[in-house]
Amino acid sequence: MKVKTPVIIVNFKTYLESTGQRAVELAKAAEKASRETGASIVVAPQFVDIASVAEAVEIPVYAQHLDPIKPGNCTGHVLAESIMEAGAVGTLINHSERQLKLSEIEAIVSLCREKDLVSCVCANNPAVSAGVAAMHPDIVSFEPPELIGTGIAVSKAQPGVITNTVNLVRKVNVEVTILCGAGISQSEDVATALKLGTSGVLVASGIVKAKDPYMILRAFADATKTVDM
């Protein structure tokens, strides 16, 4: 499944502001911003909200995690067929709050390829980013964990590291979509990330906990149109 870039992926995490009906409303705000600007916006709600969100909007919906399992006796795990039935077309993998072993990441990426699900693998440093890129996921998202949720944008705080990450990843995979995340909260953070060589951003609290998520999403979407890709 091809990823339309530049892309903004909004991770709903488990914030109350993005739970239940509020998840649906947030997804609708993302869809509105996408339609008005033509920007590619993806939402990743909690598992129990995937179906209601996917039914309410036409923009892509991702799961926040997936387990490399087959149907059967795996109580408490997340099945690919389950998220697909609910309406998800992709999944986050190895977020810093849900870290996995390399062998698990590789198994999930392979499963996503088999099921035609978009695989977005998160990585916490340039070396890991390059390592997971060699597994040929659809997306690699570099996110230094120390900046997540701080409001200090990685594109401002660590521009050299982003450039280094892009260069390392491109040495092993010329096709993968590269994103960055952590602390992205302003439209200029998005524009800077794109200028540094990424194809978009992975965001969470900067959107979910904003007083007016739509206005921030609209500004982010507009920012993706100001940089030549």
E143 vs. criteria buried (at least 17 other Cβ atoms within 10 Å of the Cβ) and among the acidic types (D, E): yes
So which residues in the stretch 167-198 are modelled with pLDDT under 95, crowded, with 23+ Cβ neighbours inside 10 Å and outside any helix (DSSP H, G or I), if there are any at all? C180, G181, A182, G183, I184, T198
Restricting to the stretch 114-124, count the residues that are closer than 23 Å to V166 by Cα and either without any contact (Cβ under 8 Å) to a residue 40 or more places away in the chain or small (G, A, S) (or both). 4
If you go through the stretch 199-209 one residue at a time, do you hit one that is charged (D, E, K, R), crowded, with 22+ Cβ neighbours inside 10 Å and farther than 19 Å from P60 by Cβ? no
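Here's the yes/no breakdown for (1) closer than 22 Å to A54 by Cα; (2) in contact with a Phe, Trp or Tyr (Cβ under 6 Å, 6 or more places away or on another chain):
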residue: I69; (1), (2): no, no
residue: C74; (1), (2): no, no
residue: H77; (1), (2): yes, no
residue: I83; (1), (2): yes, no
residue: G87; (1), (2): yes, no
residue: G90; (1), (2): yes, yes
residue: H95; (1), (2): yes, no
residue: A107; (1), (2): no, no
residue: C112; (1), (2): yes, no
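Okay, residues lined up against (1) of a type in the set (D, E); (2) surrounded by fewer than 19 Cβ atoms within 10 Å (Cβ to Cβ); (3) farther than 14 Å from N173 by Cβ; (4) within 17 Å of the chain's Cα centre (by Cα):
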site: E85; (1), (2), (3), (4): yes, yes, yes, no
site: L92; (1), (2), (3), (4): no, no, yes, yes
site: E97; (1), (2), (3), (4): yes, yes, yes, yes
site: K101; (1), (2), (3), (4): no, yes, yes, no
site: V121; (1), (2), (3), (4): no, no, no, yes
site: S129; (1), (2), (3), (4): no, no, no, yes
site: A134; (1), (2), (3), (4): no, yes, no, no
site: D138; (1), (2), (3), (4): yes, no, no, yes
Tell me, please, whether a residue that is of a type in the set (A, V, I, L, M, F, W, C) and out of contact with any helix residue (DSSP H, G or I) (no Cβ under 8 Å at 6 or more places or on another chain) can be found in the stretch 51-61. no
One residue is enough: does the stretch 73-91 have a residue meeting the conditions in contact (Cβ under 8 Å) with a residue 40 or more places away in the chain, under 22 Å from N167 (Cα atoms) and in a loop (DSSP other than H, G, I, E, B)? no
Matching residues in the stretch 25-67 - criterion: being part of a loop (DSSP other than H, G, I, E, B) and not acidic (D, E): G38, A39, P45, Q46, V57, I59, P60, Q64, H65, L66
Subset of the stretch 32-63 (residues that are free of Cβ contacts under 8 Å to residues at least 40 places away in the same chain and either crowded, with 19+ Cβ neighbours inside 10 Å or of a type in the set (F, W, Y) (or both)): V43, P45, F47, D49, I50, V53, A54, V57, I59, V61, A63
Just to be sure, is K70 more than 25 Å from N125 (Cβ to Cβ) and part of a helix (DSSP H, G or I)? no
Filter the stretch 112-154 down to the residues that are touching a Gly at 6+ places or on another chain (Cβ under 8 Å), at pLDDT 95 or above and of a type in the set (D, E) and list them by number. D138
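The values are calculated or read from the model by the stated rules, or taken from the named source; none is laboratory data. Keep in mind it's a predicted model, so treat the numbers as computed, not measured. Quick reminder, even Gly has a Cβ in these numbers, built from the backbone with ideal geometry, and neighbours come from all protein chains shown.
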